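The values are calculated or read from the model by the stated rules, or taken from the named source; none is laboratory data. Every value quoted in this text rests on a predicted model; they were computed, and no experiment measured them. Here the Cβ positions follow ideal geometry from the backbone for every residue, glycine too, while neighbour counts run over all protein chains shown. What goes into the accessible areas is simple: the full protein's heavy atoms, side chains included, and nothing from ligands, DNA or RNA. Shrake-Rupley method; radii C 1.70, N 1.55, O 1.52, S 1.80 Å.
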Amino acid sequence: MKTLLLVDDESSVVESLRLILKDNYKVLSTLSGKEALKMLEKEHVDLILLDLKMHELDGLEFLRRLQPFGYEAGVIVLTAVTDVKTVVEAVKLGALDYIVKPFGVEEIRITIEKALQLRRLTREIHYLRSEYKYHALDRLIQGRSRIMEEILDIVSRVSRVDSTVLLRGESGTGKELVARAIHFHSNRREEPFVVVSCPNLAGDLLEAELFGYEKGSFTGAYERRLGKFEIAEGGTIFLDEISEINLPLQAKLLRILQEKEFSRLGSHVVIKTDVRIVAATNKDLESMIRDGRFREDLYYRINVVPIYLPTLRERQEDIPQLVEHYFDAFRKECHAKIEFISKEAMEALLKYHWPGNVRELKNIMERTVALYGNEPTLFPEHLPMEITGISSRNLQWVKSGKNWQMCLEDEVARVEKKLIEQAIQQSGGVKSKAAKLLGTTRRIINYKMQKYGITDIGN
């Protein structure tokens with residue numbers, strides 16, 4: 001529930017507002033501006049409703065005193081109709097909106113919700129900018145292995161220039177994250193970073209998405225629409241899986257790279273553009289060029305600064321840091337009680353081959369924390385079966401008290417019994433043939449059959 005602070009030296013106004021708002025918000029109030037400043041030092045407040053005309057400390061002076069401290073709370077000022085100049089001054093000092101006295105119930109509710117929404121959006125923008133603008137590169141791109149240190153160095157250097165970058169690597173290796181790091185550490189950081197997922201759009205749709213279109217340029221084009229290159233003006237456009245762009249569109253993309261210009265669909269007007277291109281692919285572009293599926297001239301235009309992102313298998317020493325990073329992030333996000341990762345769980349994560357790379361690791365940590373966040377420690381039995389090899393049946397045994405080693409032995413025994421039964425059946429009950437199929441001896445087959453209670457149906 002959001003917290004509002006009512007600041008007005010008229011007790012009747014404060015009481016009226018309290019009655020209107022108390023069911024939807026936590027409401028604090030004071031009749032003094034000075035007292036309100038003291039309350040802000042102790043209380044978290046989302047929005048302040050501030051009267052401009054107060055005797056002890058008026059609203060404008062209150063706003064001036066707020067500014068140096070960077071309070072997160074938004075402010076709506078309460079004013080009379082004759083206070084237009086004062087309202088303008090209040091807005092200059094940071095007020096989000098104003099309400100004229102006497103006010104209607106619905107008016108004040110709508111104004112408050114609009115102000116809270118604006119405050120949320122402002123905080124999100126501030127967070128996103130600070131996340132990339134002020135954090136060091138090694139906080140954006142996790143990893144301490146030698147190969148990741150080299151990538152961090154390349155990203156740091158290429159961020160200072162406007163060269164086109166081609167990111168290569170398997171799916172899930174973090175190509176978009178690196179593209180974002182390049183943008184937010186460049187001199188274009190204040191301008192847009194626009195992502196285009198090329199495989200998600202067919203040729204014509206992708207062209208319209210990239211370059212925009214005029215009204216009536218094709219069926220369904222009911223109004224002019226700006227393309228991603230116009231939206232990204234001055235910033236960076238990230239073309240994810242550029243290998244999926246068809247040949248005709250590749251030619252138009254080449255024009256942008258060479259001439260820095262394009263036209264919307266249905267228009268002959270040439271639009272100049274200043275956009276940095278970062279492209280990515282998990283395909284073998286050289287092979288595609290030989291097969292005639294990718295333009296060689298475009299390849300050389302986008303491959304100015306190539307950066308290869310390694311698989312998680314190639315930087316296994318980074319796994320513990322990545323695990324801890326995502327474990328902590330999702331633990332905070334989910335407000336989970338879980339605090340530790342057991343040595344056995346970390347060993348299981350280290351042994352896994354990670355076909356989905358960092359993206360898979362991130363998803364698994366999110367799922368694990370979401371499901372077992374109330375446990376004190378993360379154990380192997382909390383991890384997915386593809387990592388540990390523990391079946392759901394053995395997971396129930398674990399929960400009932402069996403330890404990890406016992407579960408592993410049970411699982412091995414289950415698989416071994418099944419293989420012997422299949423070999424016996426396939427060999428028509430002839431144990432010597434079954435032993436040969438399994439690469440063992442008849443004596444061991446007899447022993448195992450007795451151990452697992454397998455019925456003797458032959459010799």
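Some observations on this one:
- Other residues whose C-beta falls under 9 angstrom from the C-beta of H183 contribute a net charge of +3, scoring Lys and Arg +1 and Asp and Glu -1.
- Listed pairs K351/K448; K351/K417; K26/K337; K260/K362; K34/K337; K42/K114 exceeding 32 Å between Cα atoms: K260/K362; K34/K337
- Here the simple spin-label model places points 7 Å from the Cα toward Cβ, and for E286 and Q422 these points are separated by 4.1 nm.
- Anisotropy class of region 4-78 from Cα gyration tensor, a/c 1.5 cut: oblate
- With the simple model of a label 7 Å out from the Cα in the direction of the Cβ, E324 to D23 spans 5.1 nm.
- Annotation: aspartates and glutamates with alpha-carbon distance below 15 angstrom to K433 (same-chain offsets under eight excluded): E421, D456.
- Shown for region 1-79: the carbon plus sulfur share of the solvent-accessible area, taken with all protein chains present and a 1.4 angstrom probe, equals 48%.
- Neighbour count of at most 15 Cβ within 10 Å plus DSSP loop: longest GluC sites (Glu not before Pro)-free window in the chain: 340-459
- Size check on the chain: the Cα extents along the three principal axes, sorted descending, read 107, 62, 46 Å.
- Evaluating kT/(6 pi eta Rh) at 20 °C and 1.002 mPa s, with the Kirkwood radius of region 300-359 over Cα pairs in the Stokes-Einstein relation, gives 157 µm² s⁻¹.
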